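Here is the structure we will look at.
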Amino acid sequence: MARPDAELIILTQQGDKQAFAELVDRYQKKVYSIALRLLGDREESRDAAQEVFLRLYKALPDYRKDTDFLPWLYTITANIARDRWRRRKREKGAIPVPLNEVAAIADHRFSPEPVLEAKDTRQMVEKAVASLPWEYRTPIILRHIEDLSYKEIAEVMKLPLNTVKTRIRRGRLILREILDPLLGEGGDQV
């Protein structure tokens, strides 16, 4: 039977490295997944995930028992991903997936195939999400991919609840603008 996070945290605070290894094993895929969706680069996301767990290990001695662990971990992940994204943007001077690249991939009007396969549609949506400005991308990913509540997203992003709701609504509108011409009227599900 798996030990609860709270127990693993206490053991880690007492110096039990195996307990921390259990926490890493439990959450490394989730952390990597969030970083990958935010950064859009596998290597950068692996590095970000490693940095998350290094920062987590250093921060655990100060962890307050009254704080929910998962939102705290997501906050660390989102902050590190944001810092890496800003650094990469500053160094390369470009957004990871330009909007015109999304349109080029999705333009199937001249294709002999009448319907895109589900995989192609999913890739279009992922590229569209990756093209969103950071302040919309993060809450969209946390809500629709990681299935966090608005309240949890507000905790993770350290924003008022209404700001989170507004950013999600605006992010959806931007996605609709990108995807409607590509997917037809079926893009209303975004």
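The values are calculated or read from the model by the stated rules, or taken from the named source; none is laboratory data. Since this is a predicted model, take the numbers as computed values, not measurements. When we count neighbours, we look across all protein chains shown, and the Cβ atoms used for this are built from the backbone with ideal geometry, even at glycine.
I'd like to know if segment 99-114 contains one or more residues that are part of a loop (DSSP other than H, G, I, E, B), modelled with pLDDT of 80 or more, under 23 Å from residue 177 (Cα atoms) and not assigned by TED's automatic domain parsing to the domain that holds residue 22.
Checked segment 99-114: no residue is part of a loop (DSSP other than H, G, I, E, B), modelled with pLDDT of 80 or more, under 23 Å from residue 177 (Cα atoms) and not assigned by TED's automatic domain parsing to the domain that holds residue 22.
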State whether the residues of segment 19-30 include one that is surrounded by fewer than 19 Cβ atoms within 10 Å (Cβ to Cβ), touching an Asp or Glu at 6+ places or on another chain (Cβ under 9 Å), under 21 Å from residue 136 (Cα atoms) and not assigned by TED's automatic domain parsing to the domain that holds residue 156. yes
Looking only at segment 36-50, decide whether some residue is exposed (fewer than 12 other Cβ atoms within 10 Å of the Cβ), within 22 Å of residue 127 (Cβ to Cβ) and either aliphatic (A, V, I, L, M) or in contact with a helix residue (DSSP H, G or I) (Cβ under 9 Å, 6 or more places away or on another chain) (or both). yes
Can you find even one residue in segment 157-165 that is surrounded by fewer than 20 Cβ atoms within 10 Å (Cβ to Cβ) and touching a residue at least 40 places away in the same chain (Cβ under 8 Å)? yes
May I ask you to list pairs of residues, at least six apart or on different chains, whose Cβ atoms are under 6 Å apart, with the first in segment 5-29 being more than 22 Å from residue 145 (Cα to Cα) and the second being of a type in the set (S, T, N, Q)? 19/12; 20/12
Name the single residue, out of those in segment 1-53 being touching a Leu at 6+ places or on another chain (Cβ under 9 Å) and hydroxyl-bearing (Ser, Thr, Tyr), that is nearest to residue 89 (Cα to Cα). 45
